Amino acid sequence: MKINTVMLTIFLLSMASGAQSKLVLPKVTFIELGSVSCIPCKQMQPVMKAIEEKYGEQIKIIFYDVWKPEQKHYAQKYGIRLIPTQVFLDENGKEFYRHEGFYPEAEIDKLLKGKGLNPVDAEIRK
């Protein structure tokens, strides 16, 4: 049986952060491959934060700074050509969409809603 490394990583990170024993796997994993030194990548930071807050446990967002030596291998793993690149995985860890460059929040919303995600109630987010 092959273990999906992305889902295993999410599980281990949630356990390490003191998550409750009830494991909620996200419907979508949003992987941002970029750098903190890249201007369009910096512009994606508030977008990623807004998406994470808007969709809560339905989505897991992971950022890899592919200019850092210890994270550079992710550029090869995901076969990126430029940064920023966004890779979206379904609940089984299978890629279903990829985008290169700055990706506006409204466009990400359309993509996520098309996969059945719904914004969580604003009261829950507080």
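FYI, it's all coordinate maths here, none of it is from the lab. Bear in mind the structure is a predicted one, so any value in this text is a computation, not a measurement. Because the Cβ atoms are built from the backbone with ideal geometry, glycine has one as well, and the counts that use them run over all protein chains shown.
Side notes on the structure shown:
- Virtual paramagnetic centre 7 Å along Cα→Cβ of Cys38, amide N under 17 Å, in segment 59-82: 62-82
- The order of the peptides 29-37, 45-53 by mean Cβ neighbours within 10 Å, most packed first, is 29-37, 45-53.
- Under 5 Å, built H, 5+ apart or other chain: amide partners of Lys60: Val28, Thr29, Phe30
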